[in-house]
Amino acid sequence: MSLRNRVLFGLSLAAILPIAWIDSVAPLLLGASLLTLAAVAWICLFLLESHRAQTQQTAQELKKLRDGYDTMDEHAKLIVKTDLELHRTQTELDRKITGLYALHKLGTLLTRALDTDKLFGHITEDIILDLGFEKGIILMQDGQNQEYRCRAAFGYNDKTMPNVQAALTSPALHTLCTASGTTTIVSRQEEAAAEAQQIASLLDVSSFISVPLLIQNAVSGYLIVGNAAKNRRVSRSDAELLSVLANEIGAAIDNARLYEQLWKSHRDLEARIQERTRELAKANEELVRMNKMKSDFVSAVSHELRTPLTSIKGYANILMSGKLGDVNDAVKERLGKIDKHSNNLTKLINDLLDIARIESGRVEMMPKAIAVKDLIDGVADLIKPQLKDKGLSLQIEIAPDAKQITADVSQIERVFINLLSNAIKYTPKGGSILVRASSNHTGYRFDVADTGVGIGPDDLPKLFQEFFRANNQTSHEQQGTGLGLSLVKRIIEAHRGKIWVESQVNKGTTFSFTLPKSG
Amino acid sequence: MLRGIQEILGTGFPIAGGSAGDDLAFTKTYQFYNDKILTDSTVGALFGGSIAIGIGAKQGWKPLGKPRTITGARSNAIATIDNQPAVSMYESYFGTDMRDLEPGGIGRLTTRYPVGIAWHLPKNYLVRTALRILDDGSLLCNAESPEGSEIHLMMATQNTIIEAAREAAQEAKEQLGAAKTLCAIVLESVGRQQLLGLKAADALHNIQEIIGMDTPLAGFYTYGEQFPLHHHAEESVCFQNQSIVVILLGEP
């Protein structure tokens, strides 16, 4: 079969088949198609329904999500609110800590300040800033009418200071702060009183606190601090901090004033002492001058006395020698007394002259080296007869290291003779006298000790005074001028030595003196 | 302005800096330039020669509440958020009419609660504070915020921002590599100082622990920080508020 025939066959079959299909299979097929259509429709419906449910679910989920977000935002609002509160507390706390720290620092400085100027010097702009304020003024009562004056101002310059002065003299300030005598907080808000507006404007602040400064429980000044920035409005807790500061300043001023008073009275006392010292020095000078006058007088009088005395003695001797004719025994005896008393008087005058000369420095010591042993032996030889007369024993002890001194030999001999003569005079028969010489690193020491009548404790201090004579039986019996020990003291002092005496009544007396090594 | 500087210096040149402040009064700022005192100006110093530089910038703020979208922005102002005037976002959180605030009030508030613009999610946010509320309720910031960006209210704790100081120092130190650290310049937002209070020194202490206690350190509190952002191998200069920038100069 050709291709053409095959196509024709196919076509004719296709034409027959539908007729056959309609006749026999059609009802069957129709049922099946209807079924299929229903299935498709059902599937479509099913799909549509499930899509709708899904959309609804998504919408629900979206809603849930949105709700979640909204809840989250509500939480956020809570967090923000808590955080704001926390931050406010934290800021307040920080400010308080900074303020307290500044206060502590200032307090330490203030308690150490001893005068009010220094005290106010410690309150600086930095401290005011640390306390949390931009501006500060210290008002203090001043003068007789107790007006408030500006003691210190911080945070102002030459341009703004006149405004501050204007504020301080304004009656509005008085109405607002100083009249009350208590802490005042002023805020420059629209609803604030006209006085508050005016003062705040002059002080260039949006709010300020004024705290009284109490000195001895009386209002003596005000501390005013404030801030210009509106976000740093002063608060109640600032006022509390400031009250503490005001108390400290008040106490410090109290202290400083007390100290100033104390210091002033101390200074007055010192000035008075100095004045008295000056007066005393002047009186002393006067005494020295008078003493010199006395010495000059004694010296002049002695010279004047010596000349006629020599004549008296001379003439008495001539008369006694019998050259001018015989003299009977009674006359001779009287002449002998004249001679003896003249001798005493001469000795007295010589001693007086020596004292005056040594005192005025007219006699110069002529130091010379001499062996201690030689010196003492020489003196012992001189007084041997007197010792013998009274039956007294003399003992000499010279320490090995007391070998040689440098001194005016004749004057030191005079010292020894005077001390030994006194010892002999006041030691009863059978007594003993000891002369001792010793040495240490600074100088030599000599002691003249006796076993005599001794000197009463009342008389001891006066012993070296001129014309003093101890008040005892022996001294009344013994002759003496009362110048010997005075002369001895002057000689020792002229040698830069010291002399002193120790004595016990009826036991004995020891005179001791030192001579320095350098001579 | 930053783009202008970058056009002249080239995109590979790192730029960092800080905006002058006025102790939170939000009225006027001043700049020193040699012997002059300027206002509304930019003063710059160019570092050149044989030095190594490391710059780290971190902020430490966390997003709070639901994400919103910037639906309108003009230049430096965020006009609408979720089709509402931008300020209404703050009003919804703080419950007060922001237009009643004193001058500078919104500045101080947004210093504590800035906005964060999502940037290379999931982790990065650029922080912005608002200077002023414009009449139509837009928030005027120091820098632009692209329309369509996700925006959040941001919050921080003392710990998160103290930690940010350490991270910034670490980032800068890593950039220096083996170079010896000579000195550090720290530009820290005044907002951080506000939040930290007496703990402000802790942040500096954290930096010193990284760079060495003896390394000289200087800087100032800023109203905004400029820093380089590395992105797709390109360096662009970025602006944000409330952050800390640590610039380390080293000897290579």
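Where a number appears in this text, it was derived from the coordinates with a stated rule and is not lab data. All values reported here derive from a predicted model rather than from experimental measurement. Methodologically, a virtual Cβ is constructed for each residue, glycine included, from the backbone with ideal geometry; neighbour enumeration extends over all protein chains shown.
Calculated mean residue ellipticity at 222 nm for chain B: -7500 deg cm²/dmol, from DSSP H runs with n ≥ 4 weighted as -39500 (n - 2.57), summed, divided by the residue count and rounded to 500.
The Cα atoms of the range A:173-239 define a convex hull whose projected area, averaged across directions, is 4.5 nm². The overall shape of the range B:41-85 is oblate: from the C-alpha gyration tensor, with semi-axes ordered a ≥ b ≥ c, the ratio a/c is 1.5 or greater and a/b is no larger than b/c.
Overall size of the range A:163-317 from C-alpha positions, given as principal axis extents largest first: 129, 28, 24 Å. What does the net charge come to around residue A:136 if you take all other residues with beta carbon closer than 15 Å to its beta carbon, with K and R at +1 and D and E at -1? Counting the neighbours of residue A:136, the net charge comes to -4.
Give, to the nearest whole percent, the P(r) tail of the range A:254-323 beyond 19 angstrom, counting all Cα pairs. Of the Cα pairs, 69 percent sit more than 19 Å apart. Listed by Cβ neighbour count within 10 Å, with the fewest neighbours leading, A:69, A:148, B:113 appear as A:69, A:148, B:113. Projected onto their three principal axes, the Cα atoms of the range B:22-133 cover extents of 51, 36, 24 Å, largest first. Taking θ as phi - 60° and the Karplus parameters 6.51, -1.76 and 1.60, the scalar couplings of the range A:118-124 work out to 5, 4, 5, x, 6, 7, 10 Hz in sequence order, x denoting glycine and proline.
When you count, for each residue, the other Cβ atoms within 10 Å and take the mean per peptide, how do B:22-34, A:224-236, A:162-174 rank with the highest first? Walk me through the numbers on the way to the answer.
Values: B:22-34: 12.8, A:224-236: 19.2, A:162-174: 16.2.
Highest-to-lowest ranking by the protection proxy: A:224-236, A:162-174, B:22-34.
Only Cα pairs under 8 Å and 6+ residues apart enter the sum, and on that basis the relative contact order of chain A stands at 8 percent.
Sequence-ordered 3J(HN,Hα) estimates for the range A:284-290 from the Karplus curve with 6.51, -1.76 and 1.60 and θ = phi - 60° stand at 5, 4, 4, 4, 4, 5, 5 Hz, glycine and proline given as x. Electrostatic bookkeeping for residue A:517 treats Lys and Arg as +1 and Asp and Glu as -1; over the other residues with beta carbon under 12 Å from its beta carbon, the sum is +2. Close amide-amide hydrogen proximity is noted between residue A:363 and A:358, each under 5 Å apart and 5 or more residues distant or on a separate chain (H modeled in the peptide plane; Pro and chain starts excluded).
Partner shielding of B:58-70 amounts to 3, given as the average count of beta-carbon atoms from other chains within 10 Å of each residue beta-carbon.
Couplings for the range B:92-101, taken from phi via the Karplus curve 6.51 cos²θ - 1.76 cosθ + 1.60 with θ = phi - 60°, read 5, 7, 9, x, 10, 6, 5, 6, 7, 5 Hz in order; Gly and Pro are left as x.
What average number of partner chain Cβ atoms lie no more than 10 Å from the Cβ of the residues making up A:83-91?
Mean inter-chain Cβ contacts per residue within 10 Å come to 3.
Under a model in which nothing but the beta-carbon of Lys, Arg (+1) and Asp, Glu (-1) is charged, chain A shows a dipole of about 1780 debye around its Cα centre. When a/c reaches 1.5 or more, the comparison of a/b and b/c decides; with that in mind, is the range A:361-402 rounded, prolate or oblate per its Cα gyration tensor? Taking the square roots of the gyration eigenvalues as a ≥ b ≥ c, the range A:361-402 is oblate.
When +1 charges are put on Lys and Arg Cβ atoms and -1 charges on Asp and Glu Cβ atoms, the dipole computed for the range B:8-164 relative to its Cα centre reaches about 420 debye.
Grouping the Cα pair distances of the range B:7-63 into 10 Å bins from zero gives a pair-distance distribution of 15, 35, 36, 13, 1 percent in increasing distance order. Against the compact-protein benchmark of 2.2 N^0.38 Å, the Cα-based radius of gyration of the protein assembly as shown scales to 2.16. Taking other C-beta atoms within 10 Å as the exposure proxy, A:220, A:321 rank A:321, A:220 from fewest upward.
Arranged from fewest to most other beta-carbon atoms within 10 Å of their beta carbon, B:70, A:433 become B:70, A:433.
Using alpha carbons only, the radius of gyration of the range B:60-105 set against its Kirkwood radius gives Rg/Rh = 0.99.
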